[in-house]
Structure formats: C-alpha cells, structure tokens
Amino acid sequence: MFNLIRKDMLVVRFYYLFIVLYAIFFGFIMNNEASTILVGALSAIMLVMFSVSLETKSKSILFIGSLPVKRKQIVQAKYAVVIVFLIIGLFMSLLVHLVSLYVLDNPVEWTWMQASLTTGIVLLFASLFFPVYYWLGDRAAQVVSLLAIFLAVSVIVGMSGVMSEMTFGLPLDTGSPAAVLSVIVGGTLLLFVISYGLSQSLFRKKDMAG
Amino acid sequence: MNQDENVIELDGLSKSYSRFKLEPITMSIKQGYITGLVGPNGAGKSTLIKLLLGMAVPDRGEVRIFGRRMPEREQEIKERIGYVSDESHYYEHLSIGAMKNVLAPFYSCWDEQQYRQLLDRFELHPKARIRSLSKGMKMKLSLVFALSHHADLLIMDEPTAGLDPVFRRELLDMLADFIQEDTRSIVFSTHVTTDLDRIADYIAFVDKGRLVFCDSKEEIFERYALIKADRSLLDRDTRGTLIGIRETSVGFEGLSANREEAERLFGGFARIEIPTLEDIMFYTAKGRSGARV
C-alpha cells in the first residue's frame with residue numbers, strides 16, 4: 001500500500017505549485033478569519049482531486065490493476081493519501097500563519113479549532129467523493145466534487161462569520177471548544193471510516209474500466 | 001512447475017455485460033509456450049484478459065495462474081506478470097523516468113540495468129514526456145516496463161495493433177527471445193493472425209464470447225480443411241458439414257473442422273487445402289450464411 005500512496009504523491013508533483021498559489025492567494029492576499037481553513041482544506045481537497053482526475057484522464061486504473069497489489073489496497077491507499085494531503089494542507093496553513101506572523105506585519109490566525117474544522121471539511125469531502133467515484137465513475141464524481149467544493153467553500157465562508165465570534169486559540173483542555181473540536185473531528189472521522197467500508201464494498205464488485 | 005504444466009487455468013469463467021456475454025470458458029494455457037488469443041474485434045479477448053488479471057470481476061468461475069488462485073494470491077501472481085495493453089495507461093504528463101520511479105518499487109525483482117538497456121535498444125529517452133510519444137513508442141515503453149522485472153508470464157493485449165511492419169517484426173523476434181527460457185510463457189491477443197502464424201505455439205480462438213478451440217497450431221491445421229470446389233457439390237448434407245461457406249458465381253470455398261470427413265465427402269472432386277488462421281477466423285465468424293461474391 002505504501003507504494004500506492006507514494007504513487008499518488010509523485011503523480012501530483014507538478015500540482016504542489018498550485019498549493020503554494022492557494023497559500024499566497026487565500027493566506028496573504030485574501031487575508032481573513034477563514035484564510036487558515038481555506039488554505040488547509042482547499043489544498044488537501046485539490047490534491048485529492050488532481051490525483052483522481054489524472055488517473056481518470058490517463059485511464060490509469062488499468063495500469064494500477066496490472067500492478068502487484070490487492071484490490072483492497074487500491075481503496076486503502078486512496079483513503080490513506082487523503083490523510084497525507086490533509087497533513088500537507090495543515091502544514092501549509094501553519095506555514096502561512098508563521099510567515100504572516102514573523103515576516104509580514106499582518107498575522108493570519110492559526111488555532112486548533114481552525115485545524116479541526118479543516119480536518120472535518122477534508123474528511124467530509126473524501127467521505128462523499130470516493131463512494132460516488134467507485135459507484136458511478138469519474139463523471140459523476142467530477143460533478144459531486146464540484147458540488148462538494150462549492151459546499152465546502154460556502155461552509156468555510158459561512159463559518160468565517162461564526163468563527164469571528166468564537167474564542168480562538170484556546171488550549172485544547174478548555175471546556176466547550178475542546179468538546180466542539182472532538183465532535184467535529186470524531187464525527188467526520190466516523191463518516192470517513194463508514195465511507196471507506198462502503199467504497200471497499202463497491203470496488204470489490206467493480207470492473208476497472210478504461 | 002515443469003514444461004508440461006499449465007501457467008493459466010480457467011474453469012467455467014463467465015461474465016455478462018448489458019450488450020455482451022462471455023460464455024463459460026474452461027481452458028488451460030501451457031507453460032513455456034506462446035499462446036495466441038485470436039478472434040474478431042469485440043469477440044471477448046480483452047474481457048478475457050481483464051478477467052485473468054483481476055481487472056474485471058467474473059460472474060462465475062475460477063482463474064489459477066502459476067497454480068495459484070486469483071484473486072486470493074493476486075499480489076504474488078502479478079509480481080511475475082508483465083502486462084502490455086493495447087493502449088498506454090501510464091500517467092501521460094510524467095516523463096519516462098518519473099513513470100519508472102512510480103512503477104519500479106512495486107516489483108521486488110526490478111532490474112535497473114535491464115531497464116536502461118531496453119530504453120537504449122528502443123531509443124527512448126528517460127526525460128521524454130509520455131504524452132509526446134507516438135503509439136509505437138508507447139508500445140515500446142510498455143514492453144520496457146513489462147520486461148524489466150523478470151516476469152515469467154507476459155500478457156499482451158493487441159500489442160501489434162497500429163505498429164509499423166519493421167517494429168512488428170522486431171517485437172515478434174523479441175518475444176521469440178523471451179520464450180527461450182522454459183519457465184516463461186506468453187499470452188498474446190490479436191486479430192492480426194499473420195503475427196501468430198509466425199510465432200504462436202498454441203491458439204485460443206474466441207468468437208462472440210465463446211471459446212471455439214484452444215489447441216496447438218499443428219493440431220488445428222491437421223483438423224481443419226479449406227475446400228474449394230464447384231457449387232454443384234453443395235447440397236443440404238454437404239453444407240451441413242461446413243462451418244462457413246463463401247460462394248461465387250462459379251464455385252465455393254468452405255471451411256470444415258473435420259478434415260477426414262471433408263476428404264471423404266469432397267475428395268477427388270475438390271481442392272482440399274490447409275487453411276490459414278485468418279481463414280478459420282473468417283469462416284467461423286461469418287458462419288454458414290457466409291459471403292456471396
């Protein structure tokens with residue numbers, strides 16, 4: 001499975017540049033309460049989408065199907081790489097925060113709450129995207145992914161108003177924010193696990209089509 | 001496994017799509033030989049290959065490769081298979097070298113020296129982008145990858161389609177070299193039967209989703225007969241013995257799957273020849289309704 005994760009990371013290597021551009025645009029140019037989440041979540045979501053669309057475009061599932069891997073591992077790797085891309089997204093948002101804090105005189109907020117919201121949005125996206133991808137194929141997944149991104153951006157922008165009223169930067173062990181954080185991450189993680197099981201069951205019976 | 005063993009065994013393998021059905025297929029493919037999988041376009045050759053490799057899920061039946069069951073032992077089986085498809089399914093935006101970096105770690109027996117030698121032989125540059133390669137060059141690249149991890153079984157889906165005659169001949173020579181080792185086997189699907197006339201040891205013929213035969217080339221040519229005679233010899237009984245007929249204003253040409261019977265019925269009044277694989281494919285696909293010229 002490690003090689004499949006590595007494959008997805010290598011395949012999108014030119015697209016890491018887009019992530020830098022997102023960071024510049026959403027982090028520094030469009031600097032607001034939602035910047036951290038936009039940089040983190042969009043980076044991860046776009047990397048997932050790039051890797052899937054490159055696979056679809058080249059019909060590479062047929063190449064993957066010929067590799068010495070089990071079917072189960074193909075789905076496992078897709079979900080594992082979401083976590084890898086999420087970490088990259090979170091790292092980028094932290095980087096934006098640090099650069100804005102120490103280099104620029106316009107600090108972008110980075111809190112555990114924002115990190116947990118980023119995590120929740122990415123896990124929610126993947127939980128919706130992959131079952132549709134394995135069930136109805138690439139075209140439906142493209143539609144779903146566009147809707148999901150629109151939804152994600154709407155949620156982020158909508159949340160930015162709410163977030164500005166919430167207390168950011170509280171330590172993890174302070175009552176309510178820690179509970180909210182746990183619910184967001186725990187809930188979406190549960191959805192992610194259910195989605196993984198569903199994708200496995202769909203892909204088990206599916207022909208790899210070119 | 002020795003030379004007499006089967007590299008692939010299929011038992012009642014079937015698959016249905018909305019517009020196509022692969023009837024249950026039971027056959028075995030011998031180790032150490034080149035087996036040609038022939039049939040007209042849409043006959044089910046690619047479906048069969050996808051079922052072999054676990055890319056398609058069969059409705060029923062069992063696949064064993066190297067004596068091991070698919071898909072339970074999929075990973076270890078595929079370590080020993082080199083697959084060449086009719087089209088390139090590599091990531092087109094990557095260079096050859098980058099694609100190799102993606103592919104190589106999957107194979108424990110990846111041979112970097114062999115890879116470089118094959119790239120040189122085919123005049124492929126590691127920095128060339130895959131999307132910039134011609135169809136022939138992409139086919140060469142597929143071969144480079146398939147032959148760089150010491151595969152014991154090469155499965156090739158229409159590898160000669162769209163290739164120029166020079167490279168076609170070179171490819172067939174390469175396959176003949178590859179098979180020199182007794183432990184290696186090749187399954188080669190094509191609708192261009194002249195390629196198989198040249199190199200195949202066994203032929204599996206698939207038509208309309210049905211396996212017509214899977215035998216050695218010698219057995220096939222001993223069994224089938226091409227009859228050329230005057231139309232006056234055609235009556236209901238003689239027509240019934242022929243698989244396919246092509247009639248002209250002066251005579252007919254027909255294929256029989258029983259040479260002895262054909263000689264008994266037509267001998268002395270007709271020319272009885274050994275058919276080519278193309279003749280067998282043509283008459284079987286066309287059937288008795290045949291062509292009238």
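The values are calculated or read from the model by the stated rules, or taken from the named source; none is laboratory data. For clarity, every value in this text was computed on a predicted model and none was experimentally measured. FYI the Cβ positions are ideal-geometry reconstructions off the backbone, even for glycines, and counts take in every protein chain you see.
Just one of the numbered conditions (1) among the charged types (D, E, K, R); (2) under 28 Å from B:ASP197 (Cβ atoms); (3) touching a helix residue (DSSP H, G or I) at 6+ places or on another chain (Cβ under 6 Å) is not true of B:ARG68; which one?
For B:ARG68, the exception is condition (2).
Given the conditions (1) at the interface with another protein chain (Cβ under 10 Å from one of its Cβ atoms); (2) more than 22 Å from the chain's Cα centre (by Cα); (3) not basic (Lys, Arg), and given that B:ASP59 satisfies all but one, which numbered condition is not satisfied?
Of everything listed in (1) at the interface with another protein chain (Cβ under 10 Å from one of its Cβ atoms); (2) more than 22 Å from the chain's Cα centre (by Cα); (3) not basic (Lys, Arg), B:ASP59 misses just condition (1).
Quick one: in region A:1-47, of everything that is farther than 18 Å from A:ALA115 by Cβ and of a type in the set (Val, Ile, Thr), which residue is modelled with the lowest pLDDT?
A:ILE29
Working only within region B:245-259, note down all residues that are within 24 Å of B:ALA204 (Cβ to Cβ) and either out of contact with any Lys or Arg (no Cβ under 8 Å at 6 or more places or on another chain) or basic (Lys, Arg) (or both). I'd like the intermediate steps shown before the answer.
Looking only at region B:245-259, we keep the residues that are within 24 Å of B:ALA204 (Cβ to Cβ), and these are B:254-259.
B:LEU255, B:SER256, B:ARG259 - these are the residues of region B:245-259 that are within 24 Å of B:ALA204 (Cβ to Cβ) and either out of contact with any Lys or Arg (no Cβ under 8 Å at 6 or more places or on another chain) or basic (Lys, Arg) (or both).
Name the residue, out of A:VAL39, A:VAL52, A:VAL81, A:VAL12, that is within 14 Å of chain B (Cβ to nearest Cβ) and under 19 Å from A:GLY120 (Cα atoms). Quick ask: steps written out before the conclusion?
Numbers: A:VAL39 fails: within 14 Å of chain B (Cβ to nearest Cβ); A:VAL52 fails: under 19 Å from A:GLY120 (Cα atoms); A:VAL12 fails: under 19 Å from A:GLY120 (Cα atoms).
The match here is A:VAL81.
In region B:14-56, how many residues are hydrophobic (A, V, I, L, M, F, W, C) and within 14 Å of chain A (Cβ to nearest Cβ)?
Looking only at region B:14-56, we keep the residues that are hydrophobic (A, V, I, L, M, F, W, C), and these are B:20, B:22, B:25, B:27, B:29, B:34, B:37-38, B:43, B:48-49, B:51-53, B:55-56.
So of that shortlist, the ones also within 14 Å of chain A (Cβ to nearest Cβ) come out as B:20, B:22, B:48-49, B:51-53, B:55-56.
Total meeting the criteria: 9.
Show the residue pairs meeting these rules: Cβ distance below 8 Å; 6+ apart or different chains; first residue within region A:1-24 and farther than 20 Å from B:LYS100 by Cβ; second residue surrounded by 15 or more Cβ atoms within 10 Å (Cβ to Cβ) and among the hydroxyl-bearing types (Ser, Thr, Tyr).
Taking only residues 6 or more apart or on different chains, the pairs are A:ILE19/A:SER43; A:TYR22/A:SER43; A:ALA23/A:SER43; A:ALA23/A:SER93.
Going through A:GLY169, A:GLY137, A:GLY186 one at a time, which residue ends up being of a type outside the set (Lys, Arg), modelled with pLDDT of 75 or more and at positive phi?
Values: A:GLY169 fails: modelled with pLDDT of 75 or more; A:GLY186 fails: at positive phi.
Just a single option satisfies the conditions, and that option is A:GLY137.
For region B:62-166, please list each of the helices (runs of 4 or more DSSP H) lying entirely inside it that holds at least 1 residues being within 14 Å of chain A (Cβ to nearest Cβ) and touching a residue at least 24 places away in the same chain (Cβ under 8 Å).
Details: elements: B:74-79, B:96-103, B:112-121, B:135-147.
Once the helices (runs of 4 or more DSSP H) in region B:62-166 are filtered for at least 1 residues that are within 14 Å of chain A (Cβ to nearest Cβ) and touching a residue at least 24 places away in the same chain (Cβ under 8 Å), what remains is B:74-79, B:96-103, B:135-147.
Taking the options A:TYR102, A:TYR134, name whichever one is surrounded by fewer than 19 Cβ atoms within 10 Å (Cβ to Cβ) and aromatic (Phe, Trp, Tyr).
Details: A:TYR134 fails: surrounded by fewer than 19 Cβ atoms within 10 Å (Cβ to Cβ).
Among A:TYR102, A:TYR134, only A:TYR102 is surrounded by fewer than 19 Cβ atoms within 10 Å (Cβ to Cβ) and aromatic (Phe, Trp, Tyr).
Please go through region B:3-55 and pick out each residue that is free of Cβ contacts under 8 Å to residues at least 12 places away in the same chain and either within 15 Å of the chain's Cα centre (by Cα) or not assigned by TED's automatic domain parsing to the domain that holds B:GLY67 (or both).
The answer is B:LYS50, and nothing else.
Just to be sure, is A:THR111 hydroxyl-bearing (Ser, Thr, Tyr), within 14 Å of chain B (Cβ to nearest Cβ) and either over 30 Å from B:SER142 (Cα atoms) or in contact (Cβ under 8 Å) with a residue 40 or more places away in the chain (or both)? Don't jump to the end; show me each part of the working.
Working: hydroxyl-bearing (Ser, Thr, Tyr): yes; within 14 Å of chain B (Cβ to nearest Cβ): no; either over 30 Å from B:SER142 (Cα atoms) or in contact (Cβ under 8 Å) with a residue 40 or more places away in the chain (or both): yes.
Judged against the criteria, A:THR111 is not a match.
Only residues that are of a type in the set (Ser, Thr, Tyr) and crowded, with 20+ Cβ neighbours inside 10 Å: list them for region B:198-246, please.
Step one: list which residues in region B:198-246 are of a type in the set (Ser, Thr, Tyr), which gives B:202, B:216, B:224, B:232, B:238, B:241.
Passing the criteria: B:TYR202, B:TYR224.
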